[in-house]
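Here the structure is laid out as structure tokens; the discussion comes afterwards.
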Amino acid sequence: MNFKDKIDLAVAIATLLATVFAGVAALFAAKSARDASKAIRMQREAVLAQTFVNILHYEKSIDFSKGMDIIRALKSDECENYPEFYKKQSEKDKQIRQVVDFLNHLTHLIRQGYVEPRHIFPLYSTSIDACRKQLLGKGKWLEGFRVAANSSDYYLNFELLCNNLENLWNSKEIEWPDSSLMASEEMRS
């Protein structure tokens, strides 16, 4: 074996070792990436779980059930004259507003990807439907509140939630507009 053959053999062995080292490094990098991905998924699950616990705490703090009892008991024409309703029934109005605020906040959380509709609708669909029937429409609470506030922009997310539930029940597509405001792909997956 001459000197040139020895050099070629050394280069071949060094290339083989470099290739093996690169392969091992790639395996370690892939394992690290997989572990990081798993950690991110676990963190996401923790955020979702904490958000859900906070939702339940918020629900209890506003006495959601009491507010829903008030909403379900509303007479169909009770809010036609909203300023009069507000003046005579301010405690009822306060409870209604707390429920509407709560459901409006839920919709924000859904739209931002912190909770999923599949987690919210089974728990609150009966209440959302009651709100849709009792609070939305001509001569109803939401219309009167918006007129009194001189803005039709109040509680758009609440209204969207109610309408999306109805769409779901009627086998129509559910849309959460403003996708540019939605959470990143990582938060949604």
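The values are calculated or read from the model by the stated rules, or taken from the named source; none is laboratory data. Bear in mind the structure is a predicted one, so any value in this text is a computation, not a measurement. Reconstructed Cβ throughout: ideal geometry from the backbone, glycine too, with neighbour counts over all protein chains shown.
A few comments on the model shown:
- Any chance Thr51 is surrounded by 10 or more Cβ atoms within 10 Å (Cβ to Cβ) and touching a helix residue (DSSP H, G or I) at 6+ places or on another chain (Cβ under 7 Å): yes
- Checking Asn54 against (1) over 30 Å from Glu175 (Cβ atoms); (2) modelled with pLDDT of 90 or more; (3) not assigned by TED's automatic domain parsing to the domain that holds Asn164, the condition it does not meet: (1)
- Residue match in segment 79-87 (condition: surrounded by fewer than 14 Cβ atoms within 10 Å (Cβ to Cβ), out of contact with any Phe, Trp or Tyr (no Cβ under 9 Å at 6 or more places or on another chain) and free of Cβ contacts under 8 Å to residues at least 60 places away in the same chain): yes
- Some residue of segment 90-104 being among the hydroxyl-bearing types (Ser, Thr, Tyr) and surrounded by 15 or more Cβ atoms within 10 Å (Cβ to Cβ): no
- Filter pass, Gly23 being of a type outside the set (Phe, Trp, Tyr), more than 23 Å from the chain's Cα centre (by Cα) and either in a helix (DSSP H, G or I) or closer than 17 Å to Leu123 by Cα (or both): yes
- Considering (1) touching an Asp or Glu at 6+ places or on another chain (Cβ under 8 Å); (2) crowded, with 21+ Cβ neighbours inside 10 Å, the lone condition that Leu161 does not fulfil carries the number (1).
- Residues that are more than 15 Å from Gly67 (Cβ to Cβ) and either among the polar types (S, T, N, Q) or in contact with a Leu (Cβ under 6 Å, 6 or more places away or on another chain) (or both), drawn from segment 130-151: Leu136, Asn150, Ser151
- Residues that are touching a Ser or Thr at 6+ places or on another chain (Cβ under 6 Å) and in the same structural domain as Ile128 (by TED's automatic domain parsing) are absent from segment 76-89.
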